[in-house]
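Before any comments, here is the structure.
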Amino acid sequence: LDVGRSILEGAATILTEAGASLVGGHTLDDPQLKFGLLVLGVVQQGQVLSNQDARPGDTLILTKPLGTGLTINAAKAELATEVHIQAANRWMGTLNAAAARAALASGARAATDITGFGLLGHAWQMAVASNVGLVFDSENLPLLDGALEWASMGLVPAGAFANRSYLENRVKFSDRVGLPLQDVMFDPQTSGGLLICLPPGGAEVFQKSLGEIEGCCVIIGRVRAAEGEPRVIVE
Amino acid sequence: MTSNEVTVDAQGLACPIPVIRVKQALESMRQGRVVVLVDDPVAKENVTRLAAHLNCTLRCDPFPGGFRLTIEKPAKSGAEP
């Protein structure tokens, strides 16, 4: 009962923060505890960022660290510490609203949220939709503490293997990108951050717009002209 | 068969349980062999990663409905008891 109360209190808090109203709901009788929200909203014209408008020369930024799926698996295995779990929870409980506002303020051309297909799955979708190639710098990826360790220990979620299998010939890794880091890049994210495509100079404006609000803005790659598959390169 | 051989039947178990069971088996011995039966390709991949992480060698053979993974733990590895 305490868990149920915590879930509802957490939902009420984040709905208030997001400026949303809860107007209905239903319950399921199921062995596994689950909770979800369906969001409907109205967006003004010109305020929508799709994944279709990335252009060669643009900069790619990521607004949350990767590794929530791995951390959840490590928690199930009772190998993640309370510090690891709290850090992952804090990021999963952070809305993308501030990052989305900063994206619009900094002239972002394209964006996508990183969820079940992992960074590389959503990146590949952006590359196809925009008909460009994306190049990631593996040394600059923001990662949750422990994520690489969980990956190397074999705590990789099933979804990460499904993502890897689907993207096998669509993503190319340089030799210096080890298997654990590849796993993190395929890791399905719960409430992941935004992958935002900014014009040259946009990252500084984005950071300034984000201001003191808790969030991250890490330049993780760049957009280049399309050269067919593999469309996504990790260097 | 050596005396230091343990079998972990992880068939029907979802990750991360197979990895946890194999990790416990490897940590319970100073050196020896752990034979793992898995029927899930995800478990096979994850156990393979664990073996490499613990500096153990692994051989994968087909097994009816899955895979038979033979892990050899040398005298000195990353999985000390």
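The values are calculated or read from the model by the stated rules, or taken from the named source; none is laboratory data. Since this is a predicted model, take the numbers as computed values, not measurements. All Cβ positions, glycine included, derive from the backbone under ideal geometry; neighbour counts span all protein chains shown.
Being free of Cβ contacts under 8 Å to residues at least 60 places away in the same chain and not hydrophobic (A, V, I, L, M, F, W, C) is the filter; apply it to segment A:32-56 and report the residue that is farthest from A:ALA100 (Cα to Cα). For segment A:32-56, the residue satisfying everything is A:GLN32.
For segment A:96-133, name all the residues that are within 29 Å of A:GLY178 (Cβ to Cβ), more than 16 Å from the chain's Cα centre (by Cα) and not small (Gly, Ala, Ser). A:VAL128, A:VAL132 - these are the residues of segment A:96-133 that are within 29 Å of A:GLY178 (Cβ to Cβ), more than 16 Å from the chain's Cα centre (by Cα) and not small (Gly, Ala, Ser). For A:LEU194, the requirement of being within 17 Å of A:PHE117 (Cα to Cα) and either crowded, with 19+ Cβ neighbours inside 10 Å or within 16 Å of the chain's Cα centre (by Cα) (or both) is met.
Give just the number: which of (1) at positive phi; (2) surrounded by fewer than 23 Cβ atoms within 10 Å (Cβ to Cβ); (3) in contact with a Phe, Trp or Tyr (Cβ under 7 Å, 6 or more places away or on another chain) does A:SER106 not satisfy? It is condition (1) that A:SER106 fails. Given the structure, is A:LEU134 touching a Lys or Arg at 6+ places or on another chain (Cβ under 8 Å) and farther than 30 Å from B:ARG21 by Cβ? Criteria met by A:LEU134.
The listed residues are A:GLY159, A:GLY133, A:GLY116, A:GLY154, and the only one of them that is modelled with pLDDT of 95 or more and touching a Phe, Trp or Tyr at 6+ places or on another chain (Cβ under 9 Å) turns out to be A:GLY159. Exactly one residue out of A:GLY146, A:GLY154 is at positive phi and either basic (Lys, Arg) or surrounded by 24 or more Cβ atoms within 10 Å (Cβ to Cβ) (or both), and it is A:GLY154. Taking segment B:3-81 as the region of interest, the strands (runs of 3 or more DSSP E) fully inside it that hold 2 or more residues being of a type outside the set (A, V, I, L, M, F, W, C), away from every other protein chain (no Cβ under 14 Å) and surrounded by 15 or more Cβ atoms within 10 Å (Cβ to Cβ) are B:32-38, B:66-73.
Note on segment A:136-166: residues that are away from chain B (no Cβ under 14 Å) and not in a loop (DSSP other than H, G, I, E, B) amount to 6. For A:GLU9, indicate whether it is free of Cβ contacts under 8 Å to residues at least 60 places away in the same chain and more than 25 Å from A:LEU141 (Cα to Cα). For A:GLU9, the condition - free of Cβ contacts under 8 Å to residues at least 60 places away in the same chain and more than 25 Å from A:LEU141 (Cα to Cα) - is met.
Of the residues making up segment A:82-100, not a single one is surrounded by fewer than 24 Cβ atoms within 10 Å (Cβ to Cβ), within 14 Å of chain B (Cβ to nearest Cβ) and assigned to a helix (DSSP H, G or I).
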